[in-house]
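This report refers to the structure that appears directly beneath it.
The values are calculated or read from the model by the stated rules, or taken from the named source; none is laboratory data. As the structure is a prediction and not an experimental result, all values here were calculated from the model. With ideal geometry, Cβ positions are generated from the backbone for all residues, glycine too; neighbour counts draw on all protein chains shown. Areas reflect the complete protein model, heavy atoms only, side chains present, ligands, DNA and RNA absent. Shrake-Rupley method; radii C 1.70, N 1.55, O 1.52, S 1.80 Å.
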Amino acid sequence: MHSSLNELYQKLWEQYTQTSPEIQLIHDSIVNKGNTIVNDHIAFRTFNHKNLGIKNIAAPFIKYGYKEVGQYNFENKKLSAVHFETNNACDPKVFISELQLEKCSEFLTKTVNSLVDQITDEQVKAPQFCYSGPLWEPLTYSTYAQLYEESEYAAWLSAFGFCANHFTVLINELKEFSDNNDLNTFLKSKGFKINSSGGEVKGTKKDFLEQSSTMAKMTPVKFRDQIKNVPSVYYEFAKRYPLKDGSLFQGFVASSADKIFESTNKS
Ligand code: NI
């Protein structure tokens, strides 16, 4: 368990890099070029189920001074999201999305409810809830695949549960890379796959935010009946631009985030 915000981030990072060891390799290859990494934000996924929703994932962060500052909606993916920040510009932002179950099929809601029903109140209230992984018996692979057909997001959450879906490198703080294109070129030369849905760089200087990400690595997951490789977690990169008053834009751009969600699609 964690006893400070730093330790909470440490726990999340350990779980994240254990899920996909490729993340540590990406991190290290950026650092080995002479950069120091600062996190822009960390993202989580959940269901809008009454026992789970965004507020439950946010609870430990709120304890450390995080406040809700922005709300976003992703119509096609049936998602809504909230972003949280502290007053300290050095703390990463926290971006939490949730699937709107009332908009999903009966099959999906029944399947999700069968998972959620296995979670106790105690588990949700525990300080480590946001990094507790899947708190349910695994689904069969065919149920996962059927979920994937309807909602990649629901399938991913059923397999990986509660954990950081991605960390995000703030490019502004990198010494050796000036923008997303520059960093993407380097990562591709190292053999890492970049998400190209909607173009490799999402957003423009006019939006005050440019984002890109790797494609989630296929990782073995133990389903009820077999072990299968499925997309796990990915790494994101963000460059922020100054507003008229000179301060860096701190929000998110929904149309860009919409494409970033697809980093956990099967490529
Ligand atoms: Ni993100």
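Values as computed for the structure displayed
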| item | result |
| --- | --- |
| Hits in the range 189-202 - residues which are part of a loop (DSSP other than H, G, I, E, B), surrounded by fewer than 20 Cβ atoms within 10 Å (Cβ to Cβ) and among the polar types (S, T, N, Q) | 196, 197 |
| Enumeration of residues in the range 41-86 that are acidic (Asp, Glu) and under 24 Å from residue 116 (Cα atoms) | 75 |
| Every residue from the range 159-188 that is under 30 Å from residue 228 (Cβ atoms) and either surrounded by fewer than 15 Cβ atoms within 10 Å (Cβ to Cβ) or more than 20 Å from the chain's Cα centre (by Cα) (or both) | 188 |
| Qualifying residues in the range 16-37 (those that are open to solvent by less than 40 Å² (accessible area, probe 1.4 Å), more than 16 Å from the ligand (Cβ to nearest atom) and not small (Gly, Ala, Ser)) - the one farthest from the chain's Cα centre (by Cα) | 35 |
| Residue in the range 222-233 that is part of a strand (DSSP E or B) and within 13 Å of the ligand (Cβ to nearest atom) present | no |
| Candidates 205, 244, 217, filtered to the one that is among the charged types (D, E, K, R), open to solvent by 60 Å² or more (accessible area, probe 1.4 Å) and under 19 Å from residue 165 (Cβ atoms) | 217 |
| Filter result for residue 69 (touching a helix residue (DSSP H, G or I) at 6+ places or on another chain (Cβ under 8 Å) and either within 23 Å of residue 11 (Cα to Cα) or in contact (Cβ under 8 Å) with a residue 24 or more places away in the chain (or both)) | no |
| Residue count for the range 38-65, restricted to those that are more than 16 Å from the ligand (Cβ to nearest atom), in a loop (DSSP other than H, G, I, E, B) and open to solvent by less than 70 Å² (accessible area, probe 1.4 Å) | 6 |
| Residues that are outside any loop (DSSP other than H, G, I, E, B) and touching a residue at least 24 places away in the same chain (Cβ under 8 Å), drawn from the range 1-24 | 5, 8, 9, 11, 12, 13, 15, 16, 19, 22, 23 |
| Filter result for residue 233 (of a type in the set (Val, Ile, Thr), in contact with a His (Cβ under 8 Å, 6 or more places away or on another chain) and at pLDDT 95 or above) | yes |
